[in-house]
Structures are given as C-alpha cells and as structure tokens.
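The values are calculated or read from the model by the stated rules, or taken from the named source; none is laboratory data. All values derive from a computational prediction rather than experimental measurement. So basically every Cβ, Gly included, is an ideal-geometry build from the backbone, and we count neighbours across all protein chains shown.
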Amino acid sequence: MAEIFPKNFLWGAATASYQIEGAANEDEKGKSIWDTFSHTPGKIKNNENGDVATDHYHRYKEDISLMNDIKLNAYRFSIAWTRIFPNGKGKVNQKGIDFYSKLIDELLANNIKPFITLYHWDLPQALQDKGGWANRDITKIFADYSEVIAKKFSDRCEYFITFNEPAVFSIHGYLDGYMAPGYKDKNKYLPTIHHINLSHGQSVQAIRSASSNIKVGCTLNMAPCIPSSTNKEDLEATKVFDTYWNRSFADPMYLGKYPEKLFQELNNYIRTDDMKTIYQNNDFIGLNHYQHIRVKSDKNNLLGARGAFNDELPFGIEKDAKLTLMGWEVVPDAYYNQIMELKTHYGNPDIYLTENGCAYPDKIDANGEVQDTDRINYFRKYLSAVKRAIDNGAKVKSYFAWSFLDNFEWALGYEKRFGIVYVDFKTLKRTPKNSYYFFKKLIENNFIPN
Ligand code: IFM
C-alpha cells in the first residue's frame, strides 16, 4: 500500500482544560473566567458548566490508554492557568504542577508527544478583575507564567503553543459578548488585540530563555472569508472581517506588522519596540480550521461586519443545506486554500494542524456502537485536502483531530459532540466511536481508509 503521509507525520487529538478536566474546585485551583461565565444564568445553553465535564482530571490514565490503543503519537492539551497560579500570579500551586507532570509522564510512557497550549481561554478571574487582556500589565504576568511552565516541563515536552485562537476569544469575549468574559466594548477589544500579540512575543522569549530545546508557535483559527451576497456592503464587510479574524494576530506574529487599517486603530496602544517583541521568528504556525466563513454587513456589530455565530444558519445559504451540528458547512477546499495561503503569504512555515473536526448528533446504538459515518466522511475529505496541500509543497507536520472526547462546547454546553470517543455525561463512561477506529486504521497504514 502506498504511503501517503510523510514518514514522521504526527497523528494526534486535541482537547482543552476547561472543556474536559472538571475538578473545578479541586487541589486549590482558582476560579477562571469560564467558571464565572458558565455559572451566570443565561450565558450557556441549558445553563450547563464545566464543573465535572468529562472528569479527565481523574480519568486521564484511562484516556491516554485509549489514545495508545490507536497509536496516536501526539496529544495537544492546555494547562489551566488557575491550577498553577490560582490568582494568576504569585506563589506556584504545587498540586497543579503535579497534575500536569503526571499527565506528561503518562503520555511519554505511552509514546505520545505532549503539545502544551498555555492559554485556551480560561483566564484567572483575579486577572480579569484587573482588566484581563485589555490591561497591558498582563503581558508580563503571562510571560512569568509561561516561564514557570517551560522550566517545569521542557525537559519532557518539545512543543509549546502560546495561545489558542486569539481571534476567537478576543472577538467573542470582548466585542460581541458571546463568550467569557462577555464584554461588548470596542475600547476593550482593541487593546486586547495588541496585548495578546505582545504577550505572545514575551512568552516566546520567556520560554526560550528557559530552554533551547523546544519548538514554539501560536495556534490561529483561520478561514477564507466569503461575502454572503454581492451587495457592496457585504463585500466591504468581508474585507473588514477578514482583517480582524485572519490578520490581527497572524500578521504581527508571523510578518512583524499589523495590516495598515488595524495599525491606525491600535496606534494608541503600540509603544516603541513592541512590534520587535511580537515578531519572534516562531518555530511553527498552528492552524485550527473548520469551514470558510460567510460574512455580512451588520450595523449592530461593533465592527460593522460579522460571520454567523455557531448554531446560526450561515448567511446566504439554503435553509436545507447539509451542515454539521454546529451549523457549519463542509468545505474541504477551504481547508486546502487556507493551508496554501499560510505557505504563500507567511513564508512557507512549518505548519502544525492543531484542530479540525465536526460535531454530529451521535447516539450509542443497540449494539453499543456509535456509527458516526458523517464524521468519518468529513475526516476523509478534509484529510485528502491536507494531503493535496502537502503534495503542493506545504510543510505540514501534524494533524490533530478535534476532539479526542466529547466535551463542553463553551456557550453551547454539552450537546455538540466533537469527540472520536463518546462520553456519557451522566456516567462518564467512554465509548470509542467508529471514527476512532477509522483513525486506528489510518495510523496503522498511513493511508486514508476507504
Ligand atoms: O471547542 C472548540 C475549541 O475549544 C477551539 N476550537 C474550535 C472548537 C470547536 O468549536
């Protein structure tokens, strides 16, 4: 059988602390903005929260053993900042370090490379109370946290990711209020963009000062933006949205400059040498991608433009279009185009595909199986797009399925199942879906199974 993916390709799955760990109040963990937000009535579908989630905090050994059974060789997880520094800074909480240390040892014992994400949205509430990402002081605090993690774990972990999807948590957290901390305030959103960029730069410096033996980059959620109609307003809105969604972090971090229009807007917050600090010659770019984004002009949005929210029909498409349970279109060509755009526009970097996947209304059938054929078809198509990009010169090094386990999908609670392993949220029992076995075959043969 022909080998179609490169020899040392990393096959992994990704998760995030708040979405899976549970143990919300254990071992001196502090409160994060997601603890606050999810306990605020009306913010989350069915008022659900991540207090227990999949209970991975106590079941990580079982989960890693399931990863090993299909020979995943990489696992991307995030560290809950509040387990390490319950109030965001100060004295290190040894119990938090111990948890991640045990997790990493267990991964290595199972021949799985850990990929650490430092920030996947669960900011310590104590730091939010001081302004969160809108307050410039956070850049130093994030660098200090990064350094602690690098010092503790770089002996065993090679890969560090500073942020997960800064565009998502800044737009939805500070501009439209859909996610924690729930602000709708452009005066908070604009400095937030710059401080995240600056935090990335300072974090990379701190990580590299702790160890020379690591690879570090940022994970960006990027997607081709397409207008929802041919109206002049929608065409203009699409350009605006593309700038904020796709370029406000990729350009400064990977090209050393902001797009011109954004630069004008951020001018008040940019100080001498900031741009140099942000541009750190990263080792790789992490790409999370799910679909293209249809954009429309929207005067009620603070940008005057918006893409459809999750669970909302994408603008300009037929009501009966075939969508995933998130309301997302299946467009593998958009994945191909996005990867090639990174290759051509950002200097042909090493690309780690750090998330891709889909939610469907999975059920356990009478034989105790989960026949998630739609998900398998999705993976087949999207992996073919990856392969095509590799054949056309993109330096893609990994593919991480989102997600390993069904989990807490932020404002949408537990209904949207993304896992290749099904979780019964009452009993917490894990049941591998058919897509899990699809990955087993894929990894065994290095070939997309029929
Ligand atoms: O669940 C999220 C994840 O936390 C970040 N990327 C997209 C996923 C699906 O919405």
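Checking the condition within 22 Å of the chain's Cα centre (by Cα) and either closer than 24 Å to F249 by Cβ or away from the ligand (no atom under 16 Å from the Cβ) (or both), which residue from G316, G307, G327 passes? Of G316, G307, G327, the one residue that is within 22 Å of the chain's Cα centre (by Cα) and either closer than 24 Å to F249 by Cβ or away from the ligand (no atom under 16 Å from the Cβ) (or both) is G307. Residues in region 207-227 that are among the β-branched types (V, I, T) and within 25 Å of E329 (Cα to Cα) were compared, and the one that is modelled with the lowest pLDDT is I226. Within this structure, Q264 passes the test of being away from the ligand (no atom under 16 Å from the Cβ), free of Cβ contacts under 8 Å to residues at least 24 places away in the same chain and either more than 18 Å from the chain's Cα centre (by Cα) or farther than 17 Å from I226 by Cα (or both). When N268 is tested against (1) touching a strand residue (DSSP E or B) at 6+ places or on another chain (Cβ under 9 Å); (2) farther than 24 Å from F379 by Cα, only condition (1) is not met. Per the listing D362, D391, the residue uniquely among the charged types (D, E, K, R) and within 16 Å of the ligand (Cβ to nearest atom) is D362.
For every residue, the table says whether it meets (1) assigned to a loop (DSSP other than H, G, I, E, B); (2) of a type in the set (A, V, I, L, M); (3) farther than 30 Å from G393 by Cα.
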position	(1), (2), (3)
K299	yes, no, yes
P314	yes, no, yes
I317	yes, yes, yes
L325	yes, yes, yes
L342	no, yes, no
T354	no, no, no
A366	yes, yes, yes
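Within region 402-441, if we keep just the residues that are part of a loop (DSSP other than H, G, I, E, B), under 22 Å from the mean Cα position of the chain (by Cα) and among the hydrophobic types (A, V, I, L, M, F, W, C), the residue that is farthest from the ligand (Cβ to nearest atom) turns out to be I420.
The residues in region 190-249 that are within 16 Å of the ligand (Cβ to nearest atom), β-branched (V, I, T) and either part of a helix (DSSP H, G or I) or out of contact with any strand residue (DSSP E or B) (no Cβ under 6 Å at 6 or more places or on another chain) (or both) can be counted, and the count is 1. Of all the residues in region 40-82, those that are closer than 19 Å to A150 by Cβ and in contact (Cβ under 8 Å) with a residue 60 or more places away in the chain number 8.
If you check Y290, Y269 for being crowded, with 18+ Cβ neighbours inside 10 Å and among the hydroxyl-bearing types (S, T, Y), only one passes: Y290. Restricting G182, G173 to residues that are within 16 Å of the ligand (Cβ to nearest atom), under 27 Å from L412 (Cβ atoms) and either surrounded by fewer than 22 Cβ atoms within 10 Å (Cβ to Cβ) or not β-branched (V, I, T) (or both) narrows the list to G173. Restricting region 1-21 to residues that are part of a loop (DSSP other than H, G, I, E, B) and within 16 Å of the ligand (Cβ to nearest atom), which is farthest from D391 (Cα to Cα)? This residue is E21. Just a yes or no: is a residue in region 31-51 more than 17 Å from D105 (Cα to Cα), within 18 Å of the chain's Cα centre (by Cα) and in a loop (DSSP other than H, G, I, E, B)? Yes, region 31-51 contains a residue that is more than 17 Å from D105 (Cα to Cα), within 18 Å of the chain's Cα centre (by Cα) and in a loop (DSSP other than H, G, I, E, B).
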